[in-house]
Amino acid sequence: MMTIFRYTLRRFRGQILGWGIALALLGMLLVSMYDMIAAEQEQFQDLLEIYPPELTAFMGDISTMATPEGWVSLEFFSFMPLILGIFAVLTGSGLLVSDEENGRLDLIMAHPVSRAALFLGRLLAFVAATVAILAICWLGLVVPMNWSSMDIGWGRMWLPLLSLLAELLLFGTMSLLLSMVLPSRRLAATTAGLLLVASFFITGLAKINENLEPVAKLSPLNYHQAQDAFQGLNGAWLAGLLGSAVVFAALAWWRFQRRDIRVGGEGGWRLPSLPFRRRAGAGS
Amino acid sequence: MSEETALMAQGLKKSYGKVRALRGVDLEVQRGEIFGYLGPNGAGKTTTIRCLLDLIRPDGGTVRVLGIDPQADPVAVQAHTGYLPGELHLDPNMTAEGALRYLNALRGNKADWDFVRQLTERLDLPLKPPIKNLSHGNKQKVGVVQALMHRPELLLLDEPTLGLDPLMQREVLALLREAKADGATVFFSSHIMSEVEAVAERVAIIRKGVVVEVAEPATLIKRALRRANVRFKQPVDISPLANVPGVTVLSQDDGTSVLLQVEGEMDDLIKVLAAFPVSDFETERPSLEEIFLAYYEDDQKEE
């Protein structure tokens, strides 16, 4: 299992550095800008008051924008589940199936490595890669605090990142499960991506339309803590997100234990044809 | 199943949706044997091998590999087996050496690296370039080396010489003979008859997911159809030849020559020909390829 873990993590090197450094630079820029924002907070409040409520709904509590926690939450943590969710969806859906689709899994699985070891090795590498990206982000946020008046504290800066980690693990394992039950990696990634975007919008829109609140309760991003995390993590929410991730991973593992490994180019099973497509095919 | 049996399949069945890839394969391969598995594309060769390694799960039948049920303990089977897939895909960004070291690590670094170097030198395989820069033939060599490098008890090779030049094909076949000499069992699929004829002690022919024949190559050749070309000193009436059991007239030329197809022994034909003014008599030894194609003649007629 450790060989699989090391090899998979090595393959993630580019993604860890790419995502991590890009987001760390964004964090550094935002923290560096904080002093300027704090100095001009009255003008900012005036500006934010003329924003339409539909827009500010997605940003969270804008009245706290001039506080250190409010600033990093609104400008960074509030939309980070959507940005890093792309990484989680693409990586989770391809964790096993991309190698299967290009024919590499066949040879690996002919070696004395159990399916469970292969699955766990790769899943752990995904978790480690996600943690590594968040750790680089964290560095990008805390290092510039040395020359900024922002005083969140190095340890407290981890709190929203932990909530983000739980969201990413949930979407990653959901994508992994979808890749085990849908015919192709592309379809799994597309489905998981749509769920991610839908979750983001439903969570935001439920803040301005209370009719959407029951639906939003089913949305994973409803339980993401950005600014709230600085006041303390909601243990039940965190456990719920992580528990869901464990359930998705367990179902994906169960499916992987039982499925045939395809060879490269073989393709998977197809979704049933729609009635009009069947008729068109019959006529040709 | 005796202890001497390396591979056993009974009534092995596998379908992909509506396609019945294996319809009840029966096989038995003895330990230390080189066994050829012949069939055209789509006959079920790869599916059989992948069932033996538990890469796919059969719908029915029994399989034992080195006495182990692959579904019950796939890791034990895989630990004693070297496998070369029909279509080899490796990480294109790894070097050949990196790929071999990674695959060796998956086996707990069991391979002796001096032996790996010997193999790569014999196959003239460059180890330093990335896989993506290797030719198809060199990629296939990586596949051959990784299958052999840990000196497995059983080799399951799906088209091992695919994409190799004739010299390297010969070298790979020599490596298979050496593996057998070291006690390994070799089970390899192919649709190249000459290589099966060159190394296999027994051959199974698979047709539409069913093994239709298992025999030594020489027995198959003896049993097969031959062609006899007879030339006469003067035009003759060849009708007595057409009446010989097992003989079919394929073509004739003004009664001075005739091309015959003979099934089984030639004795009856030669006795009848003794009464003719024969100037020349040639027979062609059938290749394994012709024998193999004979098994598929029925399919072509059906189509």
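Nothing in this text is a laboratory measurement; each read-out follows from the coordinates by a stated rule. As the structure is a prediction and not an experimental result, all values here were calculated from the model. Cβ coordinates were reconstructed from backbone atoms using ideal geometry, including for glycine residues, and neighbour counts include every protein chain displayed.
Quick notes
- Between 0 and 90 degrees, the angle of helix A:13-39 with respect to the longest Cα principal axis of chain A falls at about 20 degrees.
- Positive-end residue of A:Asn209, A:Leu84, A:Ala226, charge dipole of chain A with Cβ unit charges: A:Leu84
- Using alpha-carbon coordinates, inclination of helix A:235-258 to the longest axis of chain A, degrees: 10
- Positive-pole candidate from A:Gly140, A:Ser93, B:Met94, dipole of the protein assembly as shown, charges at beta carbon: A:Ser93
- Were the residues from B:Asp237 through B:Glu87 laid out at 0.36 nm apart, the gain over their Cα-Cα distance would be 48.5 nm.
- Of the peptides B:163-174, A:69-80, the order by per-residue mean of other Cβ atoms within 10 Å, starting with the highest, comes out as A:69-80, B:163-174.
- Highest-fluctuation residue, B:Asp69, B:Asp59, B:Asp91 considered, GNM on chain B with Cα pairs under 10 Å: B:Asp91
- Close amide-amide hydrogen proximity is noted between B:Thr256 and B:Val236, each under 5 Å apart and 5 or more residues distant or on a separate chain (H modeled in the peptide plane; Pro and chain starts excluded).
- Our note on the geometry: Cα centres of segment B:24-103 and segment B:138-180, 14 Å apart.
- HN-Hα J in Hz across segment B:104-110 - Karplus 6.51, -1.76, 1.60, θ = phi - 60°, x for Gly and Pro: 5, 5, 5, 9, x, 6, 7
- Pairs of Cα atoms nearer than 8 Å and 6+ residues apart set the relative contact order; for segment A:115-217 it is 16 percent.
- Most to least packed among B:128-140, A:222-234 [average Cβ atoms within 10 Å]: A:222-234, B:128-140
- Rel. contact order, % - alpha carbon contacts under 8 angstrom, at least six apart, chain A: 28
- From phi via Karplus (6.51, -1.76, 1.60), per-residue ³J(HN,Hα) for segment A:137-152 in Hz, x at Gly/Pro: 4, 4, 4, x, 8, 8, 4, x, 5, 5, 10, 10, 7, 5, 10, 6
- Computed over the Cα atoms of the protein assembly as shown, the ratio of the radius of gyration to the Kirkwood radius (Rg/Rh) comes to 1.16.
- Residue by residue along A:109-120, Cβ atoms of other protein chains within 10 Å of the local Cβ number 6 on average.
- Principal-axis tilt of helix B:113-122 within chain B, Cα atoms, nearest 10 degrees: 40
- For segment A:99-190, the dipole from Cβ point charges (+1 on Lys and Arg, -1 on Asp and Glu) about the Cα centre works out to 60 debye, to the nearest 20.
- Positive-pole candidate from A:Phe248, A:Tyr7, A:Leu107, dipole of chain A, charges at beta carbon: A:Leu107
- Nonlocal amide H pairs with B:Val210, under 5 Å, H built at 1.01 Å: B:Arg23
- Cβ neighbours within 10 Å from other chains - mean over B:38-50: 1
- Rounded to the nearest whole Hz, the Karplus-based 3J(HN,Hα) values (6.51 cos²θ - 1.76 cosθ + 1.60, θ = phi - 60°) of segment B:207-213 follow the sequence 9, 6, x, 9, 6, 9, 7, with x at glycine and proline.
- For chain A, alpha-carbon Rg relative to the globular expectation (2.2 N^0.38 Å, N residues): 1.14
- Cα-Cα over 28 Å, subset of B:Lys233/B:Lys271; B:Lys13/B:Lys141; B:Lys139/B:Lys180: B:Lys13/B:Lys141
- Estimated [θ] at 222 nm from DSSP helical runs (n ≥ 4, -39500 (n - 2.57)) normalised by residues in chain B, nearest 500: -10000 deg cm²/dmol
- Label-to-label distance, nm, for residues given as B:Ala218 and B:Ala72 (7 Å Cα→Cβ offset): 3.9
- Look at the stretch B:101-107: the mean tally of other chain Cβ atoms within 10 Å of its residues' Cβ atoms is 5.
- Placing +1 on each Lys and Arg Cβ and -1 on each Asp and Glu Cβ, with no other charges, gives the protein assembly as shown a dipole about its Cα centre of roughly 500 debye.
- Spin-label proximity, B:His136 to segment B:164-192 - amide N less than 13 Å from point 7 Å beyond Cα toward beta carbon: B:164-165
- Chain B - percent relative contact order, Cα under 8 Å, separation 6 or more: 19
- Interchain or long-range residues, amide H under 5 Å from B:Leu84's placed H: B:Leu156, B:Leu157, B:Asp158
- Rounded to the nearest 20 debye, the dipole magnitude of segment B:93-251 is 340 debye, with +1 charges on Lys and Arg beta carbons, -1 on Asp and Glu beta carbons, and the Cα centre as origin.
- Per-peptide average of other Cβ atoms within 10 Å, ordering A:176-187, B:149-160 highest first: B:149-160, A:176-187
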